[in-house]
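Student: Have a look at this one.
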Amino acid sequence: MSADDLDERLRELIREVPDFPKKGISFKDLTPLMAAPEAFRAAVDAMAARCAKSGWRIDRVACPEARGFIFGAALAYRLGVGMAPIRKPGKLPYKTARMEYALEYGTDAVEMHIDAVSPGQRILLVDDVLATGGTLQACVRLVEKAGGIVAGCAFVVELAFLSGRKKLEGYPVFSLVTYS
Ligand code: AMP
């Protein structure tokens with residue numbers, strides 16, 4: 001599939017759900033894309049190809065719950081590396097490191113097992129959607145706190161009008177489908 005064909009096919013399969021989870025938000029629902037075997041595989045293969053083309057050396061994938069796990073795990077399998085889950089507080093069973101981040105109102109946090117990333121390991125961060133970038137920025141900081149090196153950040157969808165890339169300035173970023 002050419003890059004243009006893939007872009008068109010993925011857009012067809014990304015369902016926009018208005019006013020979810022709250023009024024004014026147009027939610028990009030990737031479940032139809034995940035349900036279409038050839039498109040799901042093509043999306044994961046395209047992400048792997050972009051990593052290879054960019055020459056990123058990747059030792060491990062790290063990805064935030066919940067939808068980041070879906071693409072992160074598939075991509076880790078495809079790349080032949082392991083995967084480190086990043087979760088909301090209190091979900092991981094072993095000792096964790098935590099990173100707090102600001103929300104519009106209040107704060108939130110992400111956690112990762114203390115042995116999920118080793119010093120010097122090159123980490124690919126993966127999520128389904130780059131929106132404001134707050135979540136991924138916290139994940140970057142968490143990986144770096146553990147001594148990991150962020151090799152790149154990969155997304156299926158980017159909402160460019162929310163300027164999430166600004167929060168990831170200085171890090172290599174790609175997305176398969178951009179909404180401007
Ligand atoms: P962010 O604003 O980049 O921190 O986004 C937080 C998380 O919510 C990301 O992991 C995205 O997967 C998800 N998210 C944010 N906005 C949307 C949206 N409009 N559609 C689908 N997922 C979203």
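Nothing in this text is a laboratory measurement; each read-out follows from the coordinates by a stated rule. The model shown is predicted, which means the values in this text are computed figures rather than measured ones. Quick reminder, even Gly has a Cβ in these numbers, built from the backbone with ideal geometry, and neighbours come from all protein chains shown.
Student: If we sort 19-27, 126-134, 78-86 on the protection proxy, mean other Cβ atoms within 10 Å, highest first, what's the order? List each step's numbers first, then the result.
Tutor: Working: 19-27: 9.7, 126-134: 22.4, 78-86: 18.4.
Output ranking for 19-27, 126-134, 78-86: 126-134, 78-86, 19-27.
Student: Percent relative contact order of the chain, based on C-alpha pairs within less than 8 angstrom and at least six residues apart? The partial results should precede the final answer.
Tutor: Values: 342 pairs, mean separation 31.8, N = 180.
Over the chain, the number comes to 18 percent.
Student: Above 13 Å lies some portion of the pair distances; for region 114-174, what is it as a whole percent of all C-alpha pairs? Could the numbers behind the result be given before it?
Tutor: Values: 1054 of 1830 pairs.
In whole percent, the share of Cα-Cα pairs in region 114-174 beyond 13 Å is 58.
Student: State, to one decimal in nm², a quarter of the convex hull surface area for the C-alpha atoms of region 1-50, i.e. the direction-averaged projected area.
Tutor: Working: hull surface 15.3 nm².
With the hull built on Cα positions only, its mean projection is 3.8 nm².
Student: Separate question: For a paramagnetic label modelled at 7 Å from the Cα of Ser26 toward its Cβ, which residues of region 134-156 fall within the zone defined by backbone nitrogen distances under 18 Å?
Tutor: Counting only backbone N, you get 156.
Student: When the convex hull of the Cα atoms of region 78-180 is projected onto a plane and the area is averaged over all directions, what value comes out in nm²?
Tutor: On the way: hull surface 27.6 nm².
It is 6.9 nm².
Student: How far apart, in nm, are the 7 Å Cα→Cβ label points at Glu8 and Arg41?
Tutor: It is 2.1 nm.
Student: Over region 92-180, what is the relative contact order in whole percent, taking alpha-carbon pairs under 8 Å and six or more residues apart? Numbers along the way, then the final one.
Tutor: Working: 172 pairs, mean separation 23.9, N = 89.
Averaging sequence separation for qualifying contacts and normalising by length gives 27 percent for region 92-180.
Student: Which of the aspartates and glutamates could a cross-linker span from Lys167 if the Cα-Cα distance has to be under 14 Å and same-chain partners fewer than 8 positions apart are dropped?
Tutor: Here the aspartates and glutamates satisfying the reach criterion relative to Lys167 are Glu158.
Student: Past the 17 angstrom mark, what percentage of all C-alpha to C-alpha distances in region 13-111 do you count?
Tutor: Values: 3148 of 4851 pairs.
That fraction is 65 percent.
Student: Size of the chain along its principal axes in angstrom, Cα-based, largest extent first?
Tutor: 42, 39, 30
Student: For region 86-118, which GluC sites (Glu not before Pro) are both in a DSSP coil and crowded by at most 15 other Cβ atoms within 10 Å? Can you show the working numbers first?
Tutor: Values: sites: Glu100, Glu104, Glu111; in loops: Glu104.
Within region 86-118, the qualifying GluC sites (Glu not before Pro) (loop, at most 15 other Cβ atoms within 10 Å) are Glu104.
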